[in-house]
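Contents: one structure, followed by commentary.
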Amino acid sequence: MSGGHCDAVIVGGGFYGCSIASYLGSRMKSVMLVEQESELFRHASYTNQARIHGGYHYPRSLHTAYRSRVNFHSFVKDYPECVADNFTAIYCVARQNSKVSPRQFERFCNVIGAPWKPARADAVKLFNPALIEAVYEVTEFAFNSDILRDCMRRKLDSAGVGVRLGTRVERVEAARAGSGAGSRVYLSDGSEIEARYVLNCTYAGLKRIAGLSEHCRTTVKLEITEMALIEPPPELRDLGITVMCGPFFSTMPFPPRSLHTLSHVRYTPHCSWVDSGPDSPDPYAAMRAYQRESRSYHMLKDAQRYLPALGRAKIVDSIFEMKTLLMRNEIDDGWPILMERSESAEGIYSIMGGKIDNIYDVIERLGAEGL
Ligand SMILES: Cc1cc2nc3c(=O)[nH]c(=O)nc-3n(C[C@H](O)[C@H](O)[C@H](O)COP(=O)(O)OP(=O)(O)OC[C@H]3O[C@@H](n4cnc5c(N)ncnc54)[C@H](O)[C@@H]3O)c2cc1C
């Protein structure tokens, strides 16, 4: 069955695909978004820690931290209905094994313009002073991914973007660079679309689409991750806590389920591999087949050494998701954005943002490309 023609096809209906499709929809005549699941935001854009990064997390990469700080304000301004600011964000520095000292953390926050102050005594006394050296109150929020998905639906509608749910992009026949021709996109329902631009926004699926993924030359690592969902005791309910900067933990409100996530640098990643395309395990099949043996007990056990009140938290559930990481960020947390235009094919882009707020840098780059 033969289909139509579009200016752009966006593959992937997470936050990135939706944002880019609505951006292009307001600049081009016909834009189509294709998502394999029956609904938008079924993968990483729902299952994540919900942190609107304010820069604090990246003391080892000033550039990433600074861009986060700038983008934090943009996100809060653009999506006010999704912002959960009804808790106090606490960052603390561990006494041992921390890659940052309290003095360095304070200086770094000052440099990127991220507000901080010593935490109030009632917050400080929650921590074990033998393991925690300094406790700060900072300005950072969470987002509600259910509400964000609804916002994106409205944006797609008002930009006139066509949305095909429950439809997989099976393969792409990319037009040669300089040919001026469109690429052919083959869908799982048997239809085809010819498009001048094809943007691969599939995150964990970046290397999976025949004829498209070959144009993404950047090396990515896939990681099966687990975050515990906990019911914190009353004294932690209004706090989001992050221990810096090493093999520690973080517990944050998870607005869609009115619980807290608990993630731990040591236990959250279950296993990982470098995705070299068809020769490596398919991320979606791997997730489906994965025996989800929870490590939430270990997360909680270790975290309560630092924050004893967690001993009274109740483990409710665990959420698993495939995380996609750029290999070049393994050492220093630097610039977690992939934005690659194919040199050999016409109008083919591979795009991935390591966190939600990076979308602003991606859109700016698309603008610079003339899109
Ligand atoms: C455990 C974890 C914690 C995180 N915590 C945070 C955090 O606190 N703050 C933050 O800012 N970021 C966080 N992130 C990162 C954030 O979730 C991602 O940067 C963001 O969700 C990526 O959005 P996306 O649209 O690229 O990916 P996704 O939401 O995964 O969307 C990709 C979509 O592509 C679809 N797709 C794949 N292949 C095809 C195909 N062939 N045809 C059609 N559709 C296809 C998939 O079904 C999926 O819906 C976290 C990520 C993880 C995994």
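Under 5 Å from the amide H of ALA94 lie the amide H atoms of GLU133, MET244, CYS245, each residue being 5 or more positions distant or on a separate chain, with H modelled from the backbone and absent for Pro and chain starts. Annotation for LYS221 and ARG107: the two label points, set 7 Å from Cα along the Cα-Cβ direction, are 2.8 nm apart. Which is farthest toward the positive dipole end of the chain among SER344, HIS63, TRP273, measuring Cα position about the Cα centre, with Cβ charges +1 (Lys, Arg) and -1 (Asp, Glu)? About the Cα centre, the residue reaching furthest to the positive side is HIS63. The fewest-to-most ranking of MET244, MET299, MET339 by surrounding Cβ atoms within 10 Å reads MET339, MET244, MET299. Each of PHE320, PHE87, PHE75 was scored by other Cβ atoms within 10 Å of its Cβ. Listed from fewest to most, they are PHE320, PHE87, PHE75.
Mean projected area of the convex hull spanned by the Cα atoms of the chain, taken over all viewing directions: 17.7 nm². Here the chain carries DSSP beta bridges of which approximately 70% are antiparallel, counting only pairs with both residues inside. Compared with the direct C-alpha span, the chain from SER276 to ASP85 gains 64.8 nm at full extension, assuming 0.36 nm per residue. Adding -39500 (n - 2.57) for every DSSP H run of four residues or longer, then dividing by how many residues the chain holds, sets the calculated 222 nm ellipticity at -7000 deg cm²/dmol. With a threshold of 26 Å on the Cα-Cα distance, the over-threshold entries among LYS117/LYS323; LYS99/LYS355; LYS125/LYS323; LYS29/LYS77 are LYS117/LYS323; LYS125/LYS323; LYS29/LYS77. A simple rule links phi to the HN-Hα coupling: the Karplus curve 6.51 cos²θ - 1.76 cosθ + 1.60 with θ = phi - 60°, which for region 21-31 gives 5, 6, 4, 5, x, 7, 10, 10, 6, 9, 10 Hz, with x for Gly and Pro. In this structure the amide hydrogen of ILE52, modeled in the peptide plane, comes within under 5 Å of the amide hydrogens of PHE141, ALA142, PHE143, none closer than 5 places in sequence on its chain. From least to most packed, judged by other beta carbons within 10 angstrom and beginning with the fewest, HIS73, HIS260 follow the order HIS73, HIS260.
Computed from backbone phi with θ = phi - 60° and the Karplus coefficients 6.51, -1.76 and 1.60, the 3J(HN,Hα) list for region 353-360 is x, x, 7, 4, 5, 4, 4, 5 Hz; x is used for glycine and proline. Remark on VAL316: its backbone amide H falls under 5 Å from those of LEU229, ILE230, GLU231, a criterion applied only to residues 5 or more positions apart or on other chains, H modelled at 1.01 Å from N.
Values in this text are rule-based calculations from the coordinates and carry no lab data. Note that this is a predicted model, so its numbers are computed, not measured. Positions of Cβ are backbone-derived with ideal geometry, glycine not excepted, and every protein chain shown enters the neighbour counts.
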